[in-house]
Amino acid sequence: MAKHVDVTALANAKTEAEVDAAAAQLNAAIQQSEKSESKSAPAAQSKRLEFLDELRGLCILVMMFYHLCFILGYGAEGSAAHNMFDWMRETIQPVFAALFILVAGYCTRFSRDLKKRGLILTICALLITLATRVMLPIWDVELVVWFGILHFFAASKLFVAFGDKILKKIPAIVGVLLSLLLFNFTSTIRFGYFSLFNRWWQISLPESLYSHNALAWLGFHTNDFAAAQWDLVPLLPYLFLFLFGAFLSRLAMDNLPKICYRKNITPFGWLGRHSLILYLLHMPVMLGAIYLFNTWIA
């Protein structure tokens with residue numbers, strides 16, 4: 001229905017001819033208004049945050065290069081690839097990993113079925129663990145991904161899905177501030193304590209938590225746990241970063257600049273929309289290509 005149609009002409013009509021003419025004009029105006037609304041409604045509903053796809057695409061590209069450096073530099077200390085991997089691990093990799101998690105948290109409100117998505121990611125994550133543990137015997141056991149980024153996303157999405165009723169009761173601004181505070185407070189877990197800004201309210205954690213790797217998925221593991229140097233994304237502190245993104249999306253809603261809805265860097269957008277399949281395939285493709293290259297050289 002039209003939001004507003006001028007019926008003045010119909011109300012002022014006196015003769016039958018004037019009434020017929022005014023009615024025809026009113027009917028045409030209503031039809032025109034309905035057509036305009038029907039055209040604009042799908043456009044509004046189909047608005048996609050292209051910026052998030054592009055940001056996610058950039059993150060997945062950096063991650064693939066990071067893994068390539070690890071593979072090429074594995075067991076070859078001092079090589080260019082090994083040095084690049086070490087440099088990335090200490091500098092840009094944590095930044096892009098955090099950005100990847102933040103974007104994933106922000107996108108939770110766009111998911112139609114978080115439980116289904118979480119279960120699909122759980123299956124994919126378990127397949128990655130199986131592949132790195134059993135199906136790559138030519139590589140050292142240190143390559144095993146016990147709780148990588150997909151494991152983390154699966155657990156986080158299921159956490160949000162099953163805790164949705166409780167999380168919705170928390171005001172967005174409170175959720176943003178609280179999750180950011182808790183992320184900061186638990187970010188020092190690898191050092192054996194919780195602390196705010198690594199300065200205040202320091203709470204030492206029991207050393208027994210760091211004597212085994214059974215709780216590595218939570219953030220507690222031994223110093224020599226190889227997966228921590230390779231691909232470990234524990235729930236603490238990163239679950240709070242994921243929740244920060246989820247609450248931030250509620251706070252921002254649709255009040256974002258128009259540039260966020262435009263395609264700015266199309267290749268990055270494509271990578272972002274296919275990030276799951278790229279994550280699943282990039283390691284087998286890299287390993288297979290290197291194996292074939294080495295075999296051909298030999």
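The values are calculated or read from the model by the stated rules, or taken from the named source; none is laboratory data. Since this is a predicted model, take the numbers as computed values, not measurements. Please note: Cβ atoms are built from the backbone with ideal geometry, for glycine as well, and neighbour counts cover all protein chains shown.
Quick notes on this structure:
- For SER195: the one exception among (1) hydroxyl-bearing (Ser, Thr, Tyr); (2) over 21 Å from the mean Cα position of the chain (by Cα); (3) assigned to a helix (DSSP H, G or I): (3)
- Here the condition is being closer than 20 Å to TYR74 by Cβ and among the small types (Gly, Ala, Ser); of ALA154, ALA131, it holds for ALA131 alone.
- Yes/no for ARG117 being closer than 22 Å to LEU243 by Cα and in contact with a helix residue (DSSP H, G or I) (Cβ under 6 Å, 6 or more places away or on another chain): yes
- Residue, surrounded by the fewest Cβ atoms within 10 Å (Cβ to Cβ), within the range 203-258, restricted to residues that are among the polar types (S, T, N, Q) and within 24 Å of LEU99 (Cα to Cα): ASN255
- The range 107-134 residues that are more than 22 Å from ASP53 (Cα to Cα), paired with ones that are of a type in the set (Val, Ile, Thr) and loosely packed, with under 13 Cβ neighbours inside 10 Å (beta carbon under 8 Å, 6 or more apart): ARG133/VAL141
- Filtered by the rule that a residue be touching a residue at least 40 places away in the same chain (Cβ under 8 Å), out of contact with any Gly (no Cβ under 6 Å at 6 or more places or on another chain) and of a type in the set (A, V, I, L, M, F, W, C), the range 253-272 gives LEU256, ILE259, CYS260, ILE265, TRP270.
- Test for PHE147: is it over 21 Å from LEU49 (Cβ atoms) and modelled with pLDDT of 90 or more: yes
- When residues in the range 206-237 are screened for being closer than 11 Å to ILE189 by Cα and in contact with an Asp or Glu (Cβ under 6 Å, 6 or more places away or on another chain), 0 of them pass.
- Failed condition for PRO94, given (1) closer than 16 Å to LEU232 by Cα; (2) in contact (Cβ under 8 Å) with a residue 12 or more places away in the chain: (2)
Every residue, every condition in (1) closer than 20 Å to VAL144 by Cβ; (2) at pLDDT 95 or above, yes or no:
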residue	(1), (2)
GLU207	no, no
ASN213	yes, no
PHE225	yes, no
LEU232	yes, no
PHE244	no, yes
